[in-house]
Structures are given as structure tokens and as C-alpha cells.
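Trainee: Got a structure for you, written out below as C-alpha cells; questions coming shortly.
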Amino acid sequence: MKVLVIGGGGREHALVWKLRQSPRVSQVYCLPGNGGICEEATCLPGDPRSLASLLTAAHQIHPDLTVVGPELALSLGVVDEFTRRGLKIFGPTQRAAQLETSKSFAKEFMQRHQVPTAHYAVCSTEEELRKSLGLFSTPVVVKADGLAAGKGVVIAPTKEEAATAGAEMFNGKLLGTPVANVVLEEFLEGEEVSFLVLSDGERVAPLVPAQDHKRIGEGDKGANTGGMGAYSTDSLLDAGMTDWLVNHIARPVIAGMKSEGAEYRGILYCGLMMTAKGPMVLEFNCRFGDPETQAVLMRLDSDLLDAIEAAVDGRVSDGEFKWSRDASCCVVVASGGYPGSFMSGKQISGLDRADSLGNVKVFHAGTSKRDGVFYTNGGRVLGVTARAPQLSDAINRAYEAVRLISFEEMYYRKDIGARALKAQK
Ligand code: AMP
Ligand code: GLY
């Protein structure tokens, strides 16, 4: 089989790496890929944000299956377009992807289907927002409606700051483009867990849980990023809790989408806050997480192609995945300055030595390769991922590999998984 993966980050490198392990996959293409992906797949030029570009590529290579990484292509309706042309593709339709692309849709949907989530108000003007603020206590969470690449959420310590953040979302100052709606949300406290399920529109099969580290600084301080590292271990959720999440969150969402005429096939990513009152949904994503995928796929012992095909063909079963009981840890190595401005084009050394450590895989995110040399080419550069029976060993191994790598102004958090280790003790 020929498989096309859309995207070019660390998540897509992990997808390419895992799909290549399937005995039924003969060739993997990736559009546009990155320096590391191009070592393992045939990279195709093109713009993953342009449907025309994606269709042109598909017509050239005739993939038997296309797997979509980033949400933007899904929000543009890549699944609808490919399906209309008889091309097999994995991911939700444009309408189903609204669970991620519209926070107001997601919140109203959860209310309609009794899915636990924070209290909220959807506001369409500054005046409405100021009025609604009266219903909340501080801190209050202010969210821009629409895709914002992790930059659309402000946790405001005071109502005045919440009103200012909302105003800047409406007038475009905060995100570059104005938004039509701003969602206010009750602030929730607890541990965050990324709980992903595979669905064929009716049935669901859970993936192992992971925890992301969204802030740039150690101790979860500083600006929000796309994700600075993740770990996955069974102790994040016990079997009883996993069942509860399947029965009270994943299944009702999938059934609700079907009953509303927007059948959801693909990965449903539930961003959860484990509060004292029980798990609550912070957000949905309509795709694999980045960097969670790097940590999660490191633990997958069965064939990813089989699972994805089961979802596309409508035959997902409980036993879709075989997981290792090992823990895993992915440390994101970034360019200094990220998530603000940063420099690209720095030569990276030590990749071979890091990659040849046992049970380590270096996933490339923002890299390019010229004349046999890798260079940085983005904010998040690498996802250095390790697996071991104990979480502490997986973490140590990942950092051992990270320390073999160097480039000018390289930055990484030194505390990925540290809170979990502390909790274990
Ligand atoms: P979201 O894009 O909705 O996942 O929000 C990004 C991040 O903001 C989450 O990962 C949380 O860390 C934080 N966040 C979002 N909503 C809430 C909330 N209601 N209470 C506390 N933190 C939140
Ligand atoms: N790691 C968060 C995300 O993929 O949205």
C-alpha cells in the first residue's frame, strides 16, 4: 500500500515512522515533511494548507490511504474533498472537525449531550462580554473562537484583564485577525490529561493517555507553546477511569455527532482537566496531538495501519491497539526565543549518536537537510523520545539523548514528567 501523510512536524514524523513498520505499507509519502521525515519517506513539495496543492499531489501518486496530521487541512475540508473523489482518507469531515475549529460549537454541543465541561458564556460583542463577566469569579478563562495555534486562550487574574483580552480578540490585536465570538469559561484546577480515542463514527477504541507540557518554562511558567514535551504511562489513568471516560465522554460525543448528522471518524482528542469534581473537557482536537503522538506511538506494539483502516472502513473494535506497559517520554528541543521570534538555519550535531541509543527515537519537527547536514527550521525542532519499563528511566533516557544533541541557542525544558515522578513517590 502507498500511504500519504499530510504535515511536516514531529507528530507527522511519528506517524510516518510507525506506518512504515506495517508489513502492508510499501511506500510512505509525506507532504511537505521535514529533514528527518525525508530520510524515511518520499517527501513531496506542496502546501499542506492548500486543498488544491493536496489534491494535485494525490493525483500524482494515487495513495491507497491518506492520513492527515494538522487541523488546518481538516478545517478546510480535505476529507470531504478527497472522499468526493474516491480517495481513501483518515480524519473527520469539515463539519465534524468543528469540535476543534469552533469553541462555541464544542461548548454548546457538550451542553446538548451532557458532556462534563466548565461553565461558559459565548459572547459576540465587547458589551456582552463585560456583562457576562458578572457571572464568573476570578481567575476567568477567555478563549477566542476558532483555530489559534495555542495562542487563543488567556487566563485572566482579574475581570478588567479579562475584558481587555476579550476586546483584543474582537479587534484582532491579540491574534492578528478579529474573531466573531469570545468564550468565557470558569477556571478549573487539576491535572491535565490528553485522552485520545480512535473512532469509526460509532465505536471507539482508546489510546494510552499522555500529559503535555504547554508552557515554555520549567514549573509550567511563561508563555503557552504548541507543547514542550509529553510523557505517557498507564498510571495517568487507571482502568476504571478509562472506562468512565469512554462511557461518559468519548461515546456520547461520537453518538451525539452522528445524531446531529456529522458522523465523526478519526482521532478524537479530549483535553481533560481531572478536577476534584471529576474529569471535565477543556477542549477537543480533531487529530493526533503534538507532542503526545510521539510519546503515545512509542508505546504502540500493534500495526497503526490496521487501526486507521478499521476506522475508515467502519469496523473499529475494542482490541484495536496492543500497547506496551512501558512508559515513554518525549522532550521537545526548541530554538531559543520560541514561542516568540527565533532564528533558523543553525547546524544540528549529535543526532546520530542520540538516535542510536537503545529505545530512543529522535523525531524531527522543524529541521531541514542540506549536503548531508541537518539545520534547524522552526520553533520546535526535535522531539527526543524514549521508552522504558519505568517512567523515571524513560525520562532519564530521553534526557541522556537530548544531551548528545547540540545547536546554537538550543532550548528545552528539564522537567518533563517531573511532577508525575514526584506524585509516584
Ligand atoms: P485549550 O486550547 O482550550 O486547551 O486551552 C489551552 C490551555 O489553557 C489548556 O491546556 C489549559 O492549560 C488552559 N485552560 C483552558 N481552559 C481552561 C479552564 N477552563 N481552566 C483552567 N485552565 C484552562
Ligand atoms: N499538544 C497539544 C495539541 O496537540 O494540541
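Trainee: Does GLY289 qualify as being in contact with a strand residue (DSSP E or B) (Cβ under 6 Å, 6 or more places away or on another chain), touching a residue at least 60 places away in the same chain (Cβ under 8 Å) and surrounded by fewer than 16 Cβ atoms within 10 Å (Cβ to Cβ)? Talk me through it step by step, then tell me what you get.
Mentor: Working: in contact with a strand residue (DSSP E or B) (Cβ under 6 Å, 6 or more places away or on another chain): yes; touching a residue at least 60 places away in the same chain (Cβ under 8 Å): yes; surrounded by fewer than 16 Cβ atoms within 10 Å (Cβ to Cβ): no.
So GLY289 fails the test.
Trainee: Output the number of residues of the stretch 200-235 satisfying the condition of being away from ligand 1 (no atom under 16 Å from the Cβ), buried (at least 17 other Cβ atoms within 10 Å of the Cβ) and assigned to a loop (DSSP other than H, G, I, E, B).
Mentor: Of the residues in that region, 5 qualify.
Trainee: Right, another one. Among helices (runs of 4 or more DSSP H) lying entirely in the stretch 6-108, which contain 3 or more residues that are away from ligand 2 (no atom under 16 Å from the Cβ) and either in contact with a strand residue (DSSP E or B) (Cβ under 9 Å, 6 or more places away or on another chain) or farther than 30 Å from SER124 by Cα (or both)?
Mentor: It comes to 10-20, 51-61, 78-84.
Trainee: Of everything in the stretch 72-112, what is among the acidic types (Asp, Glu), surrounded by fewer than 20 Cβ atoms within 10 Å (Cβ to Cβ) and under 14 Å from LYS143 (Cβ atoms)? Give them in sequence order.
Mentor: Correct list: GLU108 only.
Trainee: May I pose another question? Picking from ASP313, ASP290, which residue would you name as being more than 16 Å from ligand 2 (Cβ to nearest atom), under 29 Å from VAL78 (Cβ atoms) and not basic (Lys, Arg)?
Mentor: Within the list ASP313, ASP290, the selection yields ASP313.
Trainee: Filter the stretch 250-274 down to the residues that are under 18 Å from the mean Cα position of the chain (by Cα) and either in a helix (DSSP H, G or I) or farther than 22 Å from ILE89 by Cα (or both), then identify the one that is farthest from ligand 1 (Cβ to nearest atom).
Mentor: In this case the residue turns out to be ALA250.
Trainee: Report yes if some residue within the stretch 253-261 is within 16 Å of ligand 2 (Cβ to nearest atom), among the β-branched types (Val, Ile, Thr) and crowded, with 23+ Cβ neighbours inside 10 Å; otherwise report no.
Mentor: Scanning the stretch 253-261 turns up no residue that is within 16 Å of ligand 2 (Cβ to nearest atom), among the β-branched types (Val, Ile, Thr) and crowded, with 23+ Cβ neighbours inside 10 Å.
Trainee: Given ARG387, ARG315, ARG413, which one is within 30 Å of THR66 (Cα to Cα) and in a loop (DSSP other than H, G, I, E, B)?
Mentor: None of the others qualify; the one that does is ARG315.
Every read-out reported here was derived from the displayed coordinates using simple, explicitly stated rules and does not represent laboratory data. Given the structure is predicted, the values throughout are model-derived calculations rather than measurements. Using ideal geometry, Cβ is built from the backbone for each residue, glycine included, and neighbour counts are taken over all protein chains shown.
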